[in-house]
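**Q** Here you go, one structure.
The values are calculated or read from the model by the stated rules, or taken from the named source; none is laboratory data. Given the structure is predicted, the values throughout are model-derived calculations rather than measurements. Cβ atoms come from the backbone with ideal geometry, glycine included; neighbour counts cover every protein chain shown.
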There are 2 protein chains.
Amino acid sequence: MSCNKIITITRQYGSGGHDIGKALAKKLEIPFYDKELISIAAKESGVSPEVFEQADEKATNSLLYSLSVGLYNYGNGFSSMGDLPVNDRLYILQHKIIKELAEKENFVVVGRCADYVLKDNPNLVKIYIYADIDSRIKRAVDRQEIDPARAKQAVLKADKNRANYYSFYSGKKWGLADNYDLCINSTYLTTEQAVKMIVSYIDILNKK
Amino acid sequence: MSCNKIITITRQYGSGGHDIGKALAKKLEIPFYDKELISIAAKESGVSPEVFEQADEKATNSLLYSLSVGLYNYGNGFSSMGDLPVNDRLYILQHKIIKELAEKENFVVVGRCADYVLKDNPNLVKIYIYADIDSRIKRAVDRQEIDPARAKQAVLKADKNRANYYSFYSGKKWGLADNYDLCINSTYLTTEQAVKMIVSYIDILNKK
């Protein structure tokens, strides 16, 4: 099917949001960006992808200050970022890349506050995928082959990190339905069923 | 279509949640409860429906205290409620009525923290309907024939009242996606389109 929308997927760790986003992009025949943004940022900046991987979607305290005193201009690329922590450099680069991509194509993007970065784009559809904690722990166990206690720790830590990251860069509260167009609890849905629901929603919007 | 679920609709004022709930109940061929709960409560207690209407979905500070010190037993009916404020009497009665209804039938219920009241019911589907503030103001203007400034006041006041009511009785934060199975921003949807999305979701659950 055709799609004239950019879709942002915000997802709880272990909710299957990545898989849903990927399957959605395939269904809509548009590009998919998640970790792909790290490779692009690494290529543009010359920083190793492994360094960025470690820093991805983690907030620091320095960027907000730096931005607030006008030290940085998004358009200037990596060279102007001086001694900013790598997390912040990556955030700024991903922010710039997402904006540039949005000017030339429609796509599905997972995480990275993309809903906030693109908030003024009239073609934006903002989806939030979440799930009950037990099913998220189970998914973490299955995916990472770790025991349930460690998986629970990983889930809770990721919740905290993502909430901090989102609130820090967007100034909005993570997990509030109002931030999104559609919020789906994926606990009782397969990836395909969740995709089907999102596609029905986009289909309605496409017809307007 | 048949439906083996009880559906709670939590809605922002002006989001069209009432109409969506009503149309959903019709589609699923199950009863619909919103203000209807007031009539039942009035009938059971002998209190005038007008008195309850004024007190509906407003929180007070006394109930939590009364409950915490064990003064009230939900099973005892209205006569045991002594000097409790009318809001709290209505909450207790509606709570009791919703629980009784859930034992004998499936239905759609709007508001009244029904999602919290029925939280242990395995057949529960919890929906949250919200919308952008401008479309909620427009709906309030159209419905109540008031000017936009007064409509905005009404929307903001209702947001505050409902958030207080929900948080007060459920102990949970109003508007967090995690409290629900599906959250739909109704701004760009007709009532029928929103119903269609909810029905697709219920249809998936019904097949499990």
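**Q** Yes or no: residue A:112 basic (Lys, Arg), in contact with a Leu (Cβ under 7 Å, 6 or more places away or on another chain) and crowded, with 20+ Cβ neighbours inside 10 Å?
**A** Details: basic (Lys, Arg): yes; in contact with a Leu (Cβ under 7 Å, 6 or more places away or on another chain): yes; crowded, with 20+ Cβ neighbours inside 10 Å: yes.
So residue A:112 fits the description; yes.
**Q** For segment B:95-106, does any single residue satisfy the condition of being surrounded by fewer than 13 Cβ atoms within 10 Å (Cβ to Cβ) and modelled with pLDDT under 90? Let's see the steps before the verdict.
**A** Filtering segment B:95-106 down to residues surrounded by fewer than 13 Cβ atoms within 10 Å (Cβ to Cβ) leaves B:100, B:103-105.
Still in the running and modelled with pLDDT under 90: none.
No, because not a single residue in segment B:95-106 is surrounded by fewer than 13 Cβ atoms within 10 Å (Cβ to Cβ) and modelled with pLDDT under 90.
**Q** Does segment B:154-165 contain any residue that is within 9 Å of chain A (Cβ to nearest Cβ), closer than 24 Å to residue A:179 by Cβ and in contact with a Ser or Thr (Cβ under 9 Å, 6 or more places away or on another chain)?
**A** Step one: list which residues in segment B:154-165 are within 9 Å of chain A (Cβ to nearest Cβ), which gives none.
Looking for residues that are within 9 Å of chain A (Cβ to nearest Cβ), closer than 24 Å to residue A:179 by Cβ and in contact with a Ser or Thr (Cβ under 9 Å, 6 or more places away or on another chain), one finds none in segment B:154-165, hence no.
**Q** Continuing with the same structure: Could you tell me whether any residue of segment B:82-93 is surrounded by 21 or more Cβ atoms within 10 Å (Cβ to Cβ), touching a Gly at 6+ places or on another chain (Cβ under 7 Å), closer than 24 Å to residue B:36 by Cβ and among the β-branched types (Val, Ile, Thr)?
**A** Checking segment B:82-93: not a single residue is surrounded by 21 or more Cβ atoms within 10 Å (Cβ to Cβ), touching a Gly at 6+ places or on another chain (Cβ under 7 Å), closer than 24 Å to residue B:36 by Cβ and among the β-branched types (Val, Ile, Thr).
**Q** Right, residue B:201: aromatic (Phe, Trp, Tyr), within 11 Å of chain A (Cβ to nearest Cβ) and more than 19 Å from residue A:178 (Cβ to Cβ) or not?
**A** Values: aromatic (Phe, Trp, Tyr): yes; within 11 Å of chain A (Cβ to nearest Cβ): yes; more than 19 Å from residue A:178 (Cβ to Cβ): yes.
Against the criterion (aromatic (Phe, Trp, Tyr), within 11 Å of chain A (Cβ to nearest Cβ) and more than 19 Å from residue A:178 (Cβ to Cβ)), residue B:201 qualifies.
**Q** Residue by residue through segment B:169-194, note down the ones that are away from chain A (no Cβ under 12 Å) and surrounded by 18 or more Cβ atoms within 10 Å (Cβ to Cβ).
**A** Passing the criteria: only B:169.
**Q** Of the numbered conditions (1) under 28 Å from residue B:4 (Cα atoms); (2) within 14 Å of chain A (Cβ to nearest Cβ); (3) of a type in the set (Lys, Arg), residue B:136 fails exactly one; give the number of that condition.
**A** Condition not satisfied by residue B:136: (1).
**Q** Name every residue in segment B:195-204 that is crowded, with 21+ Cβ neighbours inside 10 Å and not hydrophobic (A, V, I, L, M, F, W, C), in order of residue number.
**A** Residue satisfying the conditions is B:201 alone.
**Q** Here's another thing I want to ask about it. Sort out which residues of segment A:23-47 are touching a residue at least 40 places away in the same chain (Cβ under 8 Å) and part of a helix (DSSP H, G or I), and write them in order of number.
**A** To start, the set of residues in segment A:23-47 that are touching a residue at least 40 places away in the same chain (Cβ under 8 Å) comprises A:23-25, A:27-28, A:30-34, A:37-38, A:40-41, A:44-45, A:47.
Scanning segment A:23-47 gives A:23, A:24, A:25, A:27, A:28, A:37, A:38, A:40, A:41, A:44, A:45.
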